[in-house]
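These notes concern the structure reproduced below.
The values are calculated or read from the model by the stated rules, or taken from the named source; none is laboratory data. Computed from a prediction, not measured in an experiment: that's the story for all the values here. When we count neighbours, we look across all protein chains shown, and the Cβ atoms used for this are built from the backbone with ideal geometry, even at glycine. These accessible areas exclude ligands, DNA and RNA; they are computed on the full protein's heavy atoms, side chains included. Shrake-Rupley method; radii C 1.70, N 1.55, O 1.52, S 1.80 Å.
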Amino acid sequence: MVMAQPPIYLDNAATTPVREEVFEAMRPFFGPKFGNPSSIHSFGREARAALDEARERLATCLGAHPDEVSFNSCGTEGDNTAVLCLWRAMRDSGRNAVVTTPIEHKAVLAAAHEVAHEGGEERILDVDSNGVVVDASFDEQVRDDVAVASVMWVNNETGVIQDIPALAQRAKQRGVAFHTDAVQAFGKVAIDARTQPFDLLSISGHKIGAPKGIGALFIRRGTAFEPLIRGGSQDRGRRAGTENLAYVVGLATAAELAVAEREQHWKETEHMRDRLQALLLAAIPDAVVHSRGAQRAPHVLNISVPGTDNESMLMALDLRGIACSGGSACQSGSVTPSHVLSALGVAPALANAAVRMSFGPINTEADVDRVAEVFPKLVAKARSMAAA
Ligand code: PLP
């Protein structure tokens, strides 16, 4: 009897499984350590100590002071908070604009739209055909009437990396607060708030082996900030609400592991990604790898095959036990071309063919071999059906 092969998960940019070490670190907080960190009795003090320790551990991972770490529910909340809270705190001081890029996650773009809705100005920077921010556009748009500039570190659809330390430095020279969405960057690129002059940085737990529903925002000391959530003194009044302690501990644990393993993880994923890319391009010479001409984080491979569409490809891959995505998770299932690929100037038909394969620690070379074998066959089948 032929044994069914286990499914291959190639959607690590959408989410990752919770790591065993993270789960174990969280476990006591679902049991005996259930106290509320704001309570003054022994249960509360125990919880407070765990919260403080987790904050310190995450701060160390970011090169930050513990009081610069604000825990929240997810990357989306961090992005919304960074843009809206900065702008609302600054709008009366003559800084009424926010600047961002067309390739941001919708969490940033929607927050920038909200700024425009509330009477501010939203400016979108130019990017080149790889999705890299055009320097001249940054210098032109980031002026002394800007409250916050927000540029993502690593793009979730293409993996393209922006030179965040340099952009943050240029913003700083203009007195403009700088936010970066580091949801896909944390654990991939080196992040250090001591040497890199960003003012705000958002991360999300479920991209690095912590559960869904936990994230954090780095807020540099002295940064103007108007809270989004009010009604309690938690987190020094920056985010009211009883802390999700178990998940906070999980995030700190996952972050430490991600930082410790970062370089090794980069090497391993880069090797797998590059090998799969080479094998697919050899088998399908007219396939297009998006952002191939720029520096990319190694966990993302976004490939379009002319004459196919990603909805059918994703379904066919899924039937063969291979889980990929058509772009960001919230867009999968939609036939609207990705706003990221559109911003790169990719034609709609090619954008609608894009399949994103994203690697994580759970993947192996055997996964690469199987995808390299299956994917070209599915392409040939799709093309022959289209020709019939
Ligand atoms: N920013 C980027 C670049 C992302 O990839 C994602 C999730 O896909 C988010 C923000 C949103 O994070 P979360 O799912 O934690 O809300």
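Label sites at E261 and S384, each approximated as a point 7 angstrom past Cα along Cα to Cβ, lie 4.1 nm apart. Sparsely packed loop sites in segment 57-160 (the GluC sites (Glu not before Pro) outside DSSP H, G, I, E and B with at most 16 other Cβ atoms within 10 Å) comprise E118. For segment 214-362, the equivalent ellipsoid derived from the Cα gyration tensor has semi-axes of 37, 20, 16 Å, listed largest first.
Rg/Rh, computed from the Cα trace of segment 177-246 with Rh as the Kirkwood radius, has the value 0.98.
Look at the alpha carbon pairs under 8 Å that are at least 6 residues apart: their mean separation over the length of segment 1-74 gives a relative contact order of 13 percent.
Each Cα pair under 8 Å and six or more residues apart adds its separation to the average, and for segment 261-333 the resulting relative contact order is 23 percent. Once you treat every alpha carbon in segment 298-388 as an equal point and sum by Debye, what is log10 I(q)/I(0) at q = 0.14, 0.20, 0.25 Å⁻¹? Relative scattering, expressed as log10 I(q)/I(0), comes to -0.49, -0.98, -1.38. The HN-Hα couplings worked out from phi for segment 189-199 by the Karplus form 6.51 cos²θ - 1.76 cosθ + 1.60 (θ = phi - 60°) are 9, 6, 10, 8, 5, 6, 10, 10, x, 6, 9 Hz, whole numbers, x standing for Gly and Pro. Ranking G31, P361, L344 by how far each Cα lies toward the positive end of the dipole of the chain (charges on Cβ) leaves G31 at the top. Proximity of backbone amide H atoms, modeled 1.01 Å from N, is registered between A354 and N310 at under 5 Å, excluding neighbours fewer than 5 places apart on the same chain. Taking amide H atoms as placed 1.01 Å from N in the peptide plane, the amide H of R123 lies under 5 Å from those of V98, V99, T100, each 5 or more residues away in sequence or on another chain. Using a 1.4 Å probe over the heavy atoms of the protein chains, calculate the carbon and sulfur portion of the accessible area of the chain as a whole percent. Within the chain, the accessible surface is 55 percent carbon and sulfur.
Accessible surface area normalised per residue over segment 182-287 is 40 Å², counting heavy atoms of protein chains with a 1.4 Å rolling probe. Computed extension gain for E24 through D92, at 0.36 nm per residue and net of the alpha carbon distance, reaches 19.7 nm.
Across segment 193-293, Cα-Cα pairs more than 16 Å apart make up 72 percent of the total.
Of all DSSP bridge pairs formed entirely within the chain, close to 55 percent run antiparallel. Dividing the mean sequence gap of close Cα pairs (under 8 Å, 6+ apart) by how many residues the chain holds gives a relative contact order of 22 percent.
Inter-label distance, H117 to R143: 2.7 nm, where each label sits 7 Å from its Cα along the C-beta direction. In the chain, which whole DSSP H runs stretch at least 24 Å along their own axis (Cα) and average -1.0 or higher on the Kyte-Doolittle scale? TM-like helix candidates: 42-62, 365-387. Summarising the amide proton neighbourhood of I8: residues at separation of 5 or more, or on other chains, whose placed amide H is nearer than 5 Å comprise I322, A323.
D by Stokes-Einstein for the chain, Kirkwood Rh over Cα pairs, 10 °C, 1.306 mPa s: 73 µm²/s. Selection among A386, I40, N96 by position relative to the dipole of the chain gives I40 as farthest towards the positive end (Cβ unit charges, Cα centre).
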